[in-house]
Amino acid sequence: MAKSKVLIVGGTGFIGRRMVKASLAQGHPTYVLQRPEIGLDTDKLQLLLSVKEQGARLVEGSFSDHQSLVDAVKQVDVVICNISGVHFRSHNILMQLKLVEAIKEAGNIKRFLPSEFGMDPSRMGHALPPGNETFLEKMVVRKAIEDAGIPFTYVSANAFACYNAANLCQLGTLLPPRDKVCLYGDGNVKAIFLDEDDVATYTVKTIDDPRTLNKTLYLRPPQNILSQRQLVEMWEKFIGKELEKISISAEDFIASMK
């Protein structure tokens, strides 16, 4: 069976560049949306040229030009969107509504994978502001997809290891500590950590799989389900040193947010 043609939106981003790599590796004709909004961002331009050298095809299109998005979508079978939804980078989740309109008009897409890949927003109704904004906006996009009757797959990969494992779950840093570590609560609550390249690999594997049509795929490798204390113990064993533990209660954590 012929491999689906895939359009990657946000192909120069943190996850997007991995999606491009995974799509090419799995033999899909891979298209990457080239947006004029990159302006003078030489880093993004170099990344686009790099993926072109790897075999991807660049397709021009802009979120401010509806017809250009429709024309881009009509060239492929599947759209994977990787627009950022984290506040410390850029927050553009609702821009996907323009992509939904383009896909609806084009009428040829057999699968749309919106920018999800983290925690399942449908299960995050208890999240507190400002962090809940991402979940609320993802649910707005989901409703638009489903109201438009667009075939979809949602991918839930929980915690990206880059942001949540190497730093031993501590906020505000990407690197592990050498002397002391802050434990949230008792540090025994478990979470699911995913390597970002694995997220991309399994996301691309869904697009031609009928079992994932109009479903949510949960990526939960058993060996990657760990508590913060377990991560700390692994790091301590690696460096041959016990870290000073500072416990932060839920009440203190919420108070610091306020």
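General observations
- Separation in nanometres of the label points that stand 7 Å from Cα toward Cβ, at residue 148 and residue 54: 2.6
- Look at the Cα gyration tensor of region 20-80: its axes a ≥ b ≥ c give a/c of at least 1.5 with a/b at or below b/c, and that counts as oblate.
- Mean residue ellipticity (222 nm) of the chain, computed from DSSP H runs ≥ 4 via -39,500 (n - 2.57), nearest 500: -10500 deg cm²/dmol
- For region 1-147, share of DSSP beta bridges that run antiparallel, in % to the nearest 5: 20
- Both radii are taken from the alpha-carbon atoms of region 5-50; with Rh as the Kirkwood radius, Rg/Rh is 0.97.
- Among beta bridges that DSSP assigns inside the chain, antiparallel share in %, nearest 5: 20
- Net length gained if the chain between residue 180 and residue 91 were fully extended (0.36 nm per residue, minus Cα distance): 28.8 nm
- Accessible area per residue in Å² at 1.4 Å probe, computed on the chain: 53
- Full extension of the chain segment joining residue 245 with residue 43 gains 68.8 nm, where the gain is 0.36 nm per residue of separation less the Cα-Cα distance.
- Between residue 225 and residue 197, the simple spin-label model (points 7 angstrom out along Cα→Cβ) gives 2.6 nm.
- Computed log10 I(q)/I(0) for region 92-175 at 0.13, 0.14 Å⁻¹: -0.50, -0.56, from the Debye equation with unit scatterers placed on every C-alpha and solvent omitted.
- The listed residues 101, 116, 133, once ranked by accessible area (1.4 Å probe) with the largest placed first, stand as 101, 133, 116.
- Scanning residues 5 or more positions from residue 111 or on other chains, those with amide H under 5 Å from its amide H are 79, with H placed 1.01 Å from N in the peptide plane.
- Descending by average beta-carbon neighbour count within 10 Å, the peptides 152-160, 103-111 line up as 152-160, 103-111, the highest first.
- For region 172-187, putting each phi into the Karplus relation 6.51 cos²θ - 1.76 cosθ + 1.60 with θ = phi - 60° gives couplings of x, 8, 10, 10, x, x, 10, 10, 9, 9, 8, 9, 8, x, 8, x Hz, in residue order, rounded to whole numbers and with x for Gly and Pro.
- Distance between the modelled labels on residue 190 and residue 255, one decimal in nanometres: 3.2 nm (7 Å Cα→Cβ projection).
- Apolar share of the accessible surface for the chain: 55 percent from carbon plus sulfur atoms, 1.4 Å probe.
The values are calculated or read from the model by the stated rules, or taken from the named source; none is laboratory data. This structure is a prediction, so every number in the text was calculated from the model and none was measured. A quick note on method: Cβ atoms are made from the backbone with ideal geometry, for glycine too, and the neighbour counts reach across all protein chains shown. Surface areas here come from the heavy atoms of the whole protein model, side chains and all, with no ligands, DNA or RNA. Shrake-Rupley method; radii C 1.70, N 1.55, O 1.52, S 1.80 Å.
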